[in-house]
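Visitor: My questions will all concern the structure given below.
Nothing in this text is a laboratory measurement; each read-out follows from the coordinates by a stated rule. In this text the structure is predicted, and so the values were computed from the model without any measurement. Here Cβ is always computed from backbone atoms with ideal geometry, including for glycine, and neighbour counts include all displayed protein chains.
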Amino acid sequence: MPIAHKSSITPEVSYILWKITETEDELLKHLNLNEEELDDLNAVKAPSRRLEWLGARTALKHLVNELGQFYIYKDEFGKPHLKETSIGISMSHAKGFGAAAINLSGEVGIDIETERAQIHRIAHKFLHVSEASWANGNIEQLTKVWAAKEALYKLHGRTQLTFAEQLIISDFSNGSEVKGQILENEIATDYQLASSFLDPIHICCAY
């Protein structure tokens, strides 16, 4: 079973990183996709991206198997939910990996990223002024910040947020678990961020 990494961050929050070794048909055979999900999959044309899309849902299925149901729908903002439950879910995929997270008692967001040199060119678009002193120019830290902000964005899941102004991350050099903050309508809400690295994937889970 290609679970590359599984983490129970708290009794309520956990995630799985899935290394995709299966074919598309093998993944589809184990997923009971609904019509909406099949439409989403059919909109993905690149074979590698289709595999990653399926890999993320395979990871989620393994997290929620014990719940006895696996029906995903999207709300009006495009955020995924499990039908008939208040459990928070989130998914991500990159470079041959899929990932999923659940929170039994609230919202959750997960993102996975690989390090890319191009991130230096766009850092000014997503770095808050408070993050520049410790992250700017460092590809590892920039990737962690980007993954953290993507995870917060997915957790929020309702309206457009400006990454450089409304999503703020505390210094990752202080450890793998730090704070993230969403600023909206002059209200600041704090969240926990759990970051880890499994070569070549940076993982961040917001809850």
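Visitor: Using R₀ = 30 Å, calculate the FRET efficiency as 1/(1 + (r/R₀)^6) where r is the Cβ-Cβ separation of E115 and K45; round to 0.05.
Guide: 0.70
Visitor: Of (i) 70, 57, 33; (ii) 48, 34, 31; (iii) 69, 37, 23, which is the value of Cα extents along the principal axes in Å derived from the coordinates here?
Guide: Read-out taken from this structure: (ii).
Visitor: Taking the dipole about the Cα centre of the chain, with the C-beta of Lys and Arg at +1 and of Asp and Glu at -1, give me whichever of I102, M91, I182 is farthest to the positive side.
Guide: M91
Visitor: Would you tally the net charge around A206, using a Cβ to Cβ cut-off of less than 13 Å, leaving A206 out, and scoring K and R as +1, D and E as -1?
Guide: Local charge sum for A206: -1.
Visitor: Another question about this same structure. Quote to one decimal, in nm, the extra length available between L183 and K95 on full extension: 0.36 nm per residue of separation minus the C-alpha distance between them.
Guide: Once the chain is fully extended between L183 and K95, it gains 28.6 nm.
Visitor: Do any of K29/K154; K79/K149; K29/K79; K79/K154; K45/K95 go past 18 Å between their Cα atoms, and which?
Guide: Violating the 18 Å Cα-Cα cut-off are K29/K154; K29/K79.
Visitor: Placing unit charges on C-beta atoms (Lys and Arg positive, Asp and Glu negative, everything else neutral), compute the dipole magnitude of the chain about its Cα centre in debye, rounded to 20.
Guide: For this selection, approximately 400 debye.
Visitor: Also, quick follow-up: For segment 38-136, which chymotrypsin sites (Phe, Trp or Tyr not before Pro) are both in a DSSP coil and crowded by at most 16 other Cβ atoms within 10 Å?
Guide: In loop regions of segment 38-136 (DSSP not H, G, I, E or B), the sparsely surrounded chymotrypsin sites (Phe, Trp or Tyr not before Pro) are Y71, F77.
Visitor: Mind giving me the nanometre distance, one decimal, between the label points for D199 and L31, set 7 Å out from Cα along Cα→Cβ?
Guide: 2.9 nm
Visitor: Treat each spin label as a single point 7 Å out from the Cα along the C-beta direction, and report the T85 to L104 distance in nm.
Guide: For the pair T85/L104, the computed spacing is 1.1 nm.
Visitor: So, one more: Run through segment 65-156 and list the GluC sites (Glu not before Pro) located in a DSSP loop whose Cβ has at most 13 other Cβ atoms within 10 Å.
Guide: Listed in order of number, the matching sites are E76, E84.
Visitor: Would you please give the FRET efficiency between T23 and A132, computed as 1/(1 + (r/R0)^6) with r the Cβ-Cβ distance and R0 = 35 Å, to the nearest 0.05?
Guide: According to the calculation, E is roughly 0.20.
Visitor: Something else: For N65 and S173, compute 0.36 nm times the residue count separating them, minus their Cα-Cα distance, and round to one decimal in nm.
Guide: 35.3 nm
Visitor: Right, something else. Based on the Kirkwood radius over alpha-carbon pairs, what is the Stokes-Einstein translational diffusion coefficient of segment 3-111 at 37 °C with 0.692 mPa s viscosity, in µm²/s?
Guide: Estimated via Stokes-Einstein, D reaches 235 µm²/s.
Visitor: Another one. Within 10 Å of each candidate Cβ there may be at most 15 other Cβ atoms; applying that plus a DSSP loop requirement, which GluC sites (Glu not before Pro) in segment 163-207 survive?
Guide: E186
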